[in-house]
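Below is one structure, written out as C-alpha cells; comments come after it.
Just so it is clear, none of the values below were taken in a lab; they were calculated from the coordinates. Worth saying up front: this structure is predicted, and the values here are computed from it rather than measured. Glycine gets a Cβ as well: all are built from the backbone with ideal geometry, and neighbour counts include every protein chain shown.
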Amino acid sequence: MSTIAAGAYGRRVRAWGLGWLGIALAACAWQLASALAASSVFPGFGVAVSRAWRLIDGPVLGADIIPSILRTLLGFAISAVLGISIGLVTGYWRAAREWTAALFAFLRSLPTPLLIPVALVIFGLGGRMVVAVIVTAAIWPVLINSANAAAGLEPTLVDTARSLGLRGPTFFWRVLLPATSPQIFAGLRVAISVSLAVMVVAEILGGGSGIGYFIANAQQSFDIPGSYAGVVILCLLGWLFDTLFLVIEGRLLSWQRGTVGGEHDV
Amino acid sequence: MSEPVLAVDSLHVTLRSRDGSLTEVTDNVSFALAPHEFVSIVGPSGSGKTTLLRVASGLRAPTAGTVRFAGRELTGVVSGISVVFQEYNKSLFPWLSIRKNVAMGARHLTAEERGKRVTEALRQVGLEAFASRYPWELSGGMQQRAALARALVSDPQVLMLDEPFASVDALTRGHLEDVVAQLWERSSFAALLVTHDVGEAVYLSDRILVLSARPSRILAEIVVELPRPRAQRQTRLLPAFAELEAQVLERVEEAGRAGVRDSAVQPLAPVTPDRR
C-alpha cells in the first residue's frame with residue numbers, strides 16, 4: 001500500500017519536474033534563436049522576462065495588469081452565472097430546448113471580433129466594453145455544456161428526486177446543479193481561457209487600458225521588449241487561472257473520484 | 001378487509017412514442033393495497049409493470065382512471081409513498097455521502113429528529129459503519145440497502161419497489177429479499193413490488209397479481225398463504241411454495257405466449273421514456 005502510494009507520489013514529482021524542464025528547454029531555445037537572429041524585433045527570453053518583472057513591479061501593475069485581471073474575472077463570472085442558469089433551464093425543459101436551439105446556434109457562430117465595433121458603439125472605450133465582449137464569447141462553452149448535461153440527466157435520478165419531493169429551487173440547487181457539475185466545470189475551464197484571449201483582443205482594439213492596450217501601445221512605440229513582456233505576463237496569467245481553477249474543481253468534485261471510468265489512481 | 005391504503009381504479013395508460021404513435025400500456029387495471037399488505041405484480045417483460053408503478057406512485061399521471069392514496073385522489077408524488085428503483089447506481093446521488101443520501105428522504109424533519117431517524121434507518125439496513133462513504137465505494141447490494149434506508153426514513157405508508165433486486169447477483173438478491181421482509185415485518189408500511197422473478201414474488205408476498213402482455217390487464221390474482229416469518233431455505237423448500245411458484249409461473253407464461261402472438265400481428269412501437 002505504502003509503496004504504491006510512494007510510486008504515485010514519485011510519478012507526480014517526476015511529471016512536475018519534466019514539465020518545468022520542458023519550459024526551461026523552450027526558454028533556452030528562445031534565447032538561442034534570438035542570439036542567432038540578432039534582430040532588434042526579436043529580443044531574448046532574458047530580456048522579455050526581466051522587462052516583465054519590472055512591469056509587474058511598477059506602475060503598469062495597477063494601471064494595466066490588475067484592470068485586465070479584474071475584467072477577465074468579471075467577464076468570466078458573468079458568463080458562468082448566465083451560462084449555467086440559462087443552459088440548465090433550456091437543457092432540462094424540452095420545450096425551452098426546442099425554442100432556443102436554433103437561436104443559440106446562430107448566436108454562438110457569430111465571430112467575437114465582429115462584436116467589438118458594436119460593443120465600442122454601445123459601451124465606448126474601456127472596461128465595460130471589454131467585459132461585455134468577453135461575455136459574448138465565454139458564455140457559450142458554459143451554456144452548451146450545461147444544456148447538454150441537463151438534457152442528458154438520468155431519468156432514474158429525476159424520478160428519484162421527484163419521489164423524494166425535491167422540486168423547484170430545491171431541485172435546481174440540490175440535484176440539477178450537482179448532477180451536471182462535472183460537465184459544467186469542463187465548460188468553465190474552456191471559458192476561462194476564452195475570457196483571457198478575448199480580453200486581450202478587446203483591449204488591443206479599444207481597452208483604453210489593460211495588458212492588451214499596453215502590448216499594442218508598446219508595439220506602436222517600437223518598445224519591442226515591452227510587447228514581449230506583455231505576452232509573458234499573459235502566459236503567466238493563463239497558467240495561474242488554470243491552476244487555480246483545477247484546485248477549486250478538485251475540491252468541489254472530490255466526490256467524483258471513482259465514479260468515472262471505474263479506474264483511479266491508488 | 002380494512003380500508004385500502006392505495007386503490008388503483010380502471011387505470012388506462014397510453015404512452016406516446018417518438019414518432020408520435022400511441023401505445024396502450026395498460027388497459028383497465030384495478031387493484032387495492034390494504035394497510036401493511038405485501039403485494040407483488042409479475043408479468044412478462046414489456047407488460048408495463050414499471051409504468052404501472054410510476055402511475056401508482058404519482059410520478060406519472062394516468063391517461064384515464066384514478067389512484068387513491070389514503071382515501072384521497074393522487075395528483076402527484078406524496079410523502080406517504082416511497083419508491084425504490086431498480087438502478088440503485090443511478091438512483092443514489094453520487095455527490096452525497098450515504099448518510100446525506102438517506103437524509104434526503106427526511107428533509108421535512110428538524111435537524112435533530114432527522115439525525116436520529118437517519119442513524120436508525122442506516123442501522124436497520126446494516127450500513128451504520130458506511131455512513132460517511134460515497135455510493136461508489138459500496139457494493140451493489142449495499143447501495144440498494146442505502147436506497148431502501150432512504151425510502152423508509154420518512155416512515156411511509158406505502159413502499160414501492162421497482163425490480164429492486166434485478167441488478168445484483170443471486171446471493172445478494174436472497175439477502176436483500178430478507179432485508180426487505182424483515183423491515184416490512186417490523187414496520188407497518190404496505191409494500192408493492194414489481195418483479196419478473198416469480199420465486200421472489202411468492203417468497204415475499206401476501207398476494208400476487210399477474211399482468212398480461214401489453215396492453216396489460218390483471219390476468220390472475222394469487223393469494224400466498226405461507227407462514228411468516230419466512231426464511232429463504234425453509235420457506236422455499238415447502239411443498240406449498242413450489243406449488244404456488246408453478247401456479248404463478250404458468251399464468252405468466254400464458255401471458256407471455258399471448259403477448260408474442262399479439263406482437264407478431266401488430267409489432268409494438270418503441271416507446272420513449274415519458275419525461276416531463
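Roughly speaking, what is the centre-to-centre gap between the range A:11-78 and the range A:119-190 when only Cα atoms are used, to the nearest Å?
Measuring centre to centre over Cα atoms gives 32 Å.
What are the radius of gyration and Dmax of the range A:90-174, computed over its Cα atoms and given in Å?
Rg, Dmax (Cα atoms, Å): 17.5, 53.
Residue-wise, which Karplus ³J(HN,Hα) couplings in Hz belong to the range A:64-69, taking 6.51 cos²θ - 1.76 cosθ + 1.60, θ = phi - 60°, and x for glycine or proline?
10, 5, 5, x, 5, 4
Hey, what's the Kirkwood Rh for the range B:1-61 if you take every pair of different alpha carbons, in angstrom?
About 12.8 Å, per the Kirkwood formula over Cα pairs.
Using a cut-off of 21 Å between alpha-carbon atoms, which lysines can reach B:K90, once sequence neighbours fewer than 8 places away in the same chain are excluded?
The qualifying lysines are B:K49, B:K100.
Against the 2.2 N^0.38 Å scaling, with N counting residues, where does chain B land? I'd like the Cα-based Rg ratio to two decimal places.
Relative to the 2.2 N^0.38 Å estimate, chain B comes out at 1.00.
Mind ordering B:77-90, A:147-160 by average Cβ neighbours within 10 Å, highest first?
The most tightly packed comes first, giving B:77-90, A:147-160.
HN-Hα J couplings of the range A:160-175 from phi, Karplus 6.51/-1.76/1.60, θ = phi - 60°, integer Hz, Gly and Pro as x?
Per residue, the Karplus-derived 3J(HN,Hα) values read 4, 4, 5, 5, 7, x, 8, 8, x, x, 4, 4, 4, 6, 8, 10 Hz.
Using only the Cα atoms, what convex hull volume per residue in Å³ does the range A:42-256 have?
Working: hull volume 29.4 nm³, N = 215.
Enclosed volume per residue, from the Cα hull, is 137 Å³.
At q = 0.08, 0.12 Å⁻¹, what is the base-10 log of I(q)/I(0) for the protein assembly as shown according to the Debye formula with one equal point scatterer per Cα and no solvent? Please give it to two decimals.
Values returned for q = 0.08, 0.12 Å⁻¹ are -0.70, -1.13.
In a GNM of chain A with a 10 Å cut-off on Cα contacts, which of A:G126, A:G168, A:G212 has the highest mean-square fluctuation?
Sorting by GNM fluctuation, first place goes to A:G168.
What ranking do A:F214, A:F104, B:F69 get, fewest neighbouring Cβ atoms within 10 angstrom at the top?
Ranking A:F214, A:F104, B:F69 by Cβ neighbours within 10 Å, fewest first, gives A:F104, B:F69, A:F214.
In debye, nearest 20: dipole of the protein assembly as shown around its Cα centre with unit charges on the Cβ of K, R (+) and D, E (-)?
1140 debye
Collect residues whose amide H, placed 1.01 Å from N in the peptide plane, falls under 5 Å from the amide H of B:L211; neighbours closer than 5 in sequence don't count.
Counting only residues 5 or more places away or on other chains, the set is B:V42, B:G43, B:L219.
Using amide H atoms built in the peptide plane, which far-off residues or other-chain residues are under 5 Å from B:F38 H to H?
B:A191, B:D206, B:R207
Could you give me the ³J(HN,Hα) list for the range B:195-202, computed from phi with Karplus coefficients 6.51, -1.76, 1.60 and θ = phi - 60°, whole Hz, x at Gly and Pro?
Result, ordered by residue: 8, 10, 9, 5, x, 4, 4, 5 Hz.
When the helix-only estimate is applied to chain A (DSSP H runs of n ≥ 4, each -39,500 (n - 2.57), divided by the residue count), what is the mean residue ellipticity at 222 nm, nearest 500 deg cm²/dmol?
-27000 deg cm²/dmol
From the helices alone, meaning DSSP H stretches of at least four residues, give me the mean residue ellipticity at 222 nm for chain B, per-run term -39500 (n - 2.57), in deg cm²/dmol to the nearest 500. It would help to have the intermediate numbers written out before the result.
On the way: 9 runs with 102 residues, N = 276.
Calculated at 222 nm, the ellipticity per residue is -11500 deg cm²/dmol.
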